[in-house]
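Step one of this worksheet: look at the structure below.
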Amino acid sequence: MKYVSIDLETTGLDENDCQILEFGAVLEDTNNILPLDELPKYHAYIKHPKGNISGNIFALHLNAGIIEKLRNEKELKDTHNYIKNEDLADDFLAWLKMQGMEIKSSTYNNQTNYHCTITVAGKNFSSFDKKFLDKVPGFRNKIRMRQRAIDPSVLFVDWEKDECLPTLDECKEKAGIDGVVTHLAVDDALDVVKLLRKTYA
């Protein structure tokens, strides 16, 4: 099975008032397991009009390093994928096509539209990241996500002792995976793959 582990870094928890700062994705094929550093990875910093960034003070502090990079627009343009929010869906779709994912087309009112259907993995993806992506222009139409997302936390919950599902940090500790959660989109998406590999690799 192929799945795409997706993670966002945002300026807060409310998709109506907060912004996406960074989008990361890692493509995994459970029938062709590659070394982690060889997995296809997609990364984008999101450009905001006039550099206006607002949100929750805790999230802004947590993502201060990302925000500092976003302020240096010239360097980002030269060294990273730095795109507008409204271009994210097309850019990610083009990347999926380059990875050999099936792109389908549909025609409506003499206009042809393209889309890709993917299985998504991510820590809290359904309850958090998806809500932000649903607000991205065109994302729902171009990146069609299967209803069931894979959340690794159910694999590491202690049904007798835990009061709630474990965090990504706690999952890594229970799985014996070294390293802290960096709160960088591609790193966190890769951590999800590492956790899920405990069940199939």
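Keeping every protein chain in place, order His115, His43 by accessible area at 1.4 Å, biggest value first, i.e. largest first.
Numbers: His115 20, His43 50 Å².
In descending accessible area the options line up as His43, His115.
Hey, if you put +1 on the Cβ of every Lys and Arg and -1 on every Asp and Glu Cβ in the chain, which of Leu60, Tyr3, Val180 ends up farthest toward the positive end of that dipole?
After comparing all options, I get Tyr3.
Could you tell me which GluC sites (Glu not before Pro) in region 1-106 are loop residues by DSSP with no more than 16 other beta carbons within 10 angstrom of their beta carbon? Mind dumping the intermediate values first?
Details: sites: Glu9, Glu15, Glu22, Glu28, Glu38, Glu68, Glu73, Glu75, Glu86, Glu102; in loops: Glu15, Glu102.
Taking region 1-106 and a limit of 16 other Cβ atoms within 10 Å, the loop GluC sites (Glu not before Pro) found are Glu102.
Report which label in (i) 10, 35, 33, 17, 5, 0; (ii) 8, 34, 36, 19, 3, 0; (iii) 9, 36, 38, 15, 3, 0 holds the value of P(r) over Cα pairs in 10 Å bins from 0, in percent derived from the coordinates of this structure.
Looking at P(r) over Cα pairs in 10 Å bins from 0, in percent for this model, the match is (ii).
Greater than 25 Å separation of Cα atoms is the criterion. Which listed pairs, Lys2/Lys123; Lys74/Lys194; Lys47/Lys131; Lys47/Lys97; Lys69/Lys174, meet it?
Values: Lys2/Lys123 17 Å; Lys74/Lys194 34 Å; Lys47/Lys131 19 Å; Lys47/Lys97 23 Å; Lys69/Lys174 33 Å.
Over 25 Å apart, Cα to Cα: Lys74/Lys194; Lys69/Lys174.
Based solely on its DSSP helices, what 222 nm [θ] is calculated for the chain when runs of n ≥ 4 H residues each add -39,500 (n - 2.57) and the sum is averaged over all residues, nearest 500 deg cm²/dmol? Show your work: numbers first, answer last.
Numbers: 9 runs with 68 residues, N = 201.
Calculated mean residue ellipticity at 222 nm is -9000 deg cm²/dmol.
Beta carbons within 10 angstrom, averaged per residue: use that to sort the peptides 47-55, 186-194, highest first. Write out the running numbers ahead of the final one.
Working: 47-55: 12.0, 186-194: 21.9.
The packing order, highest mean first, is 186-194, 47-55.
In square angstrom, rounded to the nearest 10, how much accessible surface does Thr107 have for a 1.4 Å probe?
100
Suppose every Lys and Arg Cβ carries +1 and every Asp and Glu Cβ carries -1, with no other charges. What dipole size does the chain come out with about its Cα centre, to the nearest 20 debye?
Numbers: 26 positive and 33 negative charges, 165 e Å.
Charge dipole of the chain: 800 debye, to the nearest 20.
Taking all protein chains together and a probe of 1.4 Å, list Ile33, Ile20 from the most accessible to the least accessible.
These residues rank, largest area first, as Ile33, Ile20.
Which value, in Å², gives the accessible area per residue of the chain when a 1.4 Å probe is used on the protein heavy atoms?
Values: 11530 Å² over 201 residues.
Value for the chain: 57 Å² per residue.
With the Cα gyration tensor of region 83-201 giving a ≥ b ≥ c as the square roots of its eigenvalues, does the rule (a/c under 1.5 for rounded; else a/b larger than b/c for prolate; else oblate) give rounded, prolate or oblate? Let's see the in-between values first.
Working: a/c = 2.35, a/b = 2.28, b/c = 1.03.
Because a/c hits 1.5 or more and a/b exceeds b/c, region 83-201 counts as prolate.
With the cut-off at 25 Å, report for region 1-107 the share of all Cα pairs above it, as a whole percent. Intermediate values should be presented prior to the final figure.
On the way: 1724 of 5671 pairs.
Within region 1-107, distances greater than 25 Å cover 30 percent of Cα pairs.
Under the definition of Cα pairs under 8 Å and six or more residues apart, what whole-number percent is the relative contact order of the chain? Intermediate results must be reported in sequence, preceding the final value.
Values: 322 pairs, mean separation 51.4, N = 201.
Relative contact order of the chain: 26 percent.
Need one number: nm distance between label points at Ala201 and Glu75, each 7 Å from Cα along Cα→Cβ, rounded to one decimal.
3.1
Keeping the other protein chains in place, figure out the carbon and sulfur percent of the accessible area of the chain, with a 1.4 Å probe. Intermediate values should be presented prior to the final figure.
On the way: 5510 of 11530 Å².
The C+S portion of the solvent-accessible surface of the chain is 48 percent.
Report the trypsin sites (Lys or Arg not before Pro) located in region 117-181 that are in a DSSP loop and have at most 11 other Cβ atoms inside 10 Å of their Cβ, or state none. Can you show the working numbers first?
Details: sites: Lys123, Lys130, Lys131, Lys135, Arg140, Lys142, Arg144, Arg146, Arg148, Lys161, Lys172, Lys174; in loops: Lys123, Lys135, Arg146, Arg148, Lys161.
Within region 117-181, the qualifying trypsin sites (Lys or Arg not before Pro) (loop, at most 11 other Cβ atoms within 10 Å) are Arg146, Arg148, Lys161.
For the chain, give me the percentage of DSSP beta bridges that are antiparallel, rounded to the nearest 5 percent. Mind dumping the intermediate values first?
Details: 19 of 28 bridges.
Bridges in the chain are about 70 percent antiparallel.
So what does Thr182 come to for accessible area, using a 1.4 Å probe and Å² rounded to 10?
60
Hey, if we sort Cys18, Cys116 by accessible area with the 1.4 Å probe, largest down, what's the order? Display every interim value, and only then the final one.
Working: Cys18 25, Cys116 0 Å².
The residues order as Cys18, Cys116, largest area first.
Express in whole angstrom the spacing between the alpha-carbon centres of region 22-45 and region 140-187.
Measuring centre to centre over Cα atoms gives 16 Å.
Amide H of Leu21: which non-local residues (sequence gap of 5 or more, or other chain) have their own amide H closer than 5 Å, using H built in the peptide plane?
Hits under the 5 Å cutoff: Glu9, Thr10, Thr11.
The values are calculated or read from the model by the stated rules, or taken from the named source; none is laboratory data. Quick caveat: nothing in here was measured; it's all calculated off a predicted structure. Don't worry about glycine lacking a Cβ; one is built from the backbone with ideal geometry, like all the others, and counts go over all protein chains shown. The area values use the complete protein model at the heavy-atom level, side chains included, leaving out ligands, DNA and RNA. Shrake-Rupley method; radii C 1.70, N 1.55, O 1.52, S 1.80 Å.
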